[in-house]
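The values are calculated or read from the model by the stated rules, or taken from the named source; none is laboratory data. Keep in mind that this is a model prediction, so the values were computed, not measured. Every residue, glycine among them, receives a Cβ derived from its backbone with ideal geometry; neighbour counts consider all protein chains shown. Keep in mind that these areas ignore ligands, DNA and RNA; they rest on the heavy atoms of the full protein, side chains included. Shrake-Rupley method; radii C 1.70, N 1.55, O 1.52, S 1.80 Å.
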Amino acid sequence: MYDFSKVVITSSPHIKSKEDTKSIMADVLIALVPSLFVSTYVFGPRVVLMTAISIIACMVFEAIYDKIVGKENTITDLSAAVTGALLAFVCPVTLPYWMLIIGDGIAIIFAKCLFGGLGKNFMNPALAGRAFLLASWPVAMTTWAAAHSKIGLISNSQETLDAISQATPMAILKGTAEGDLPSIMSMFLGQCGGSMGEVSAVALLIGGVYLLLRKVITIHIPAAYILTVAVLTFLFPSGDLGHVQSMLYNVLGGGLMLGAIFMATDYSTTPVSKKGQIVFGIGCGLLTVMIRFFGGYPEGVCYSILLMNTTVWLIDKYTRPTKFGAPAKQKKEG
């Protein structure tokens, strides 16, 4: 006879799934591995050390915060590790470690934990950390190493940094730096300067396909984001470039792929409905192009996503699905 005393009675919804936060975050880390490999090949072993330091720092900051406020330790869900990896990926490989660690603290404590932790933050923590670093140390955050330059593991003198620095494709397109644009194939494969995680579009696409196959993300935000940038930069080409060239440089260059696939798809800072996600992606694309074309920075992915993060509540309000069988009045209000 069955022992009904072991039956657990709970309220709906009753959802059974093998997926949890830890497995989802592990998939994101796995999806970042191709970019890590390419970046290590392009810039050297400092990439691995910076990523490891950033991950460890984020996990330590979260553990300390949990201890201080008396919360259960949450570092095992790997969300802090993902934040650390993504923050390292949006920084130049020449950034001093202590600056990166400060950015990790801002990302974890001020952009995540103080709002209640995972799922309650209203902006992407890694991008918030990057925005803080860019505002605090703009020179260090915009000193980009050339591909295959020799970068020391421990420290680099200013003379060394000046010798190995190279303008990014976005800065050249913007006209804020001099230099020859790399070939489109170099940008696709990863043979040009930039942040650690944006040098290879193909590596990011491989990671994106993995996340799609694992159903960690959906296609709506990345497709809406990338297509919006592609259409606008095709219709309004940059500088003396042709329509197709302008589109390819803007899509493959900068942080668009990294932002569209790994940043703009963050669960807690993006809309819940498919319609809302499309609106969110289009908004990110519009802001990115506007900042690139008319703003003071050659890149606009970071600020475009952060700005759209603040509108998620409004997008959800007008795109949320109505309850089945709801009265007409409630459907209209919804």
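Given the condition modelled with pLDDT under 95, open to solvent by 10 Å² or more (accessible area, probe 1.4 Å) and outside any helix (DSSP H, G or I), answer yes or no: does some residue in segment 103-117 qualify?
Yes; the residues of segment 103-117 include at least one that is modelled with pLDDT under 95, open to solvent by 10 Å² or more (accessible area, probe 1.4 Å) and outside any helix (DSSP H, G or I).
Residues in segment 118-139 that are among the hydrophobic types (A, V, I, L, M, F, W, C), at pLDDT 90 or above and in a helix (DSSP H, G or I): how many?
The qualifying residues number 8.
Could you check how many residues of segment 27-53 are assigned to a helix (DSSP H, G or I) and open to solvent by 30 Å² or more (accessible area, probe 1.4 Å)?
The qualifying residues number 13.
Only one residue in D77, D66 is over 27 Å from S39 (Cβ atoms) and of a type in the set (D, E), so which one is that?
D66
If I go through segment 263-281 residue by residue, how many of them are closer than 18 Å to L127 by Cβ and in a helix (DSSP H, G or I)?
Qualifying residue count for the region: 7.
Just the residues that are crowded, with 24+ Cβ neighbours inside 10 Å and either among the β-branched types (V, I, T) or more than 19 Å from L29 (Cβ to Cβ) (or both), please, taken from segment 83-102.
Passing the criteria: T83, V90, V93.
Does I219 satisfy being in contact with a Pro (Cβ under 8 Å, 6 or more places away or on another chain) and surrounded by fewer than 21 Cβ atoms within 10 Å (Cβ to Cβ)?
Judged against the criteria, I219 is not a match.
Does P182 fit the bill of being within 28 Å of G84 (Cα to Cα), in contact with a helix residue (DSSP H, G or I) (Cβ under 7 Å, 6 or more places away or on another chain) and not hydrophobic (A, V, I, L, M, F, W, C)?
Answer is no for this residue.
Residue check, E198 against (1) over 16 Å from the mean Cα position of the chain (by Cα); (2) at pLDDT below 95; (3) buried (at least 16 other Cβ atoms within 10 Å of the Cβ), all met but one. Which one?
With (1) over 16 Å from the mean Cα position of the chain (by Cα); (2) at pLDDT below 95; (3) buried (at least 16 other Cβ atoms within 10 Å of the Cβ) applied to E198, the lone miss is (1).
Go through (1) open to solvent by 40 Å² or more (accessible area, probe 1.4 Å); (2) closer than 23 Å to A177 by Cβ; (3) of a type in the set (A, V, I, L, M, F, W, C) and name the single condition A140 misses.
(1)
Is it fair to say Y249 is of a type outside the set (A, V, I, L, M), in a helix (DSSP H, G or I) and either under 20 Å from T311 (Cα atoms) or touching a strand residue (DSSP E or B) at 6+ places or on another chain (Cβ under 8 Å) (or both)?
It is false that Y249 is of a type outside the set (A, V, I, L, M), in a helix (DSSP H, G or I) and either under 20 Å from T311 (Cα atoms) or touching a strand residue (DSSP E or B) at 6+ places or on another chain (Cβ under 8 Å) (or both).
Keeping to segment 196-230, report how many residues are out of contact with any helix residue (DSSP H, G or I) (no Cβ under 8 Å at 6 or more places or on another chain) and either within 22 Å of V93 (Cα to Cα) or assigned to a helix (DSSP H, G or I) (or both).
3
Does F262 qualify as being at pLDDT 95 or above and open to solvent by 10 Å² or more (accessible area, probe 1.4 Å)?
yes
Can you pull out every residue in segment 260-274 that is more than 16 Å from L314 (Cα to Cα) and among the charged types (D, E, K, R)?
Result: D266, single match.
Taking segment 290-317 only, how many residues are within 24 Å of L181 (Cβ to Cβ) and surrounded by fewer than 21 Cβ atoms within 10 Å (Cβ to Cβ)?
Going through segment 290-317 one residue at a time, the tally reaches 8.
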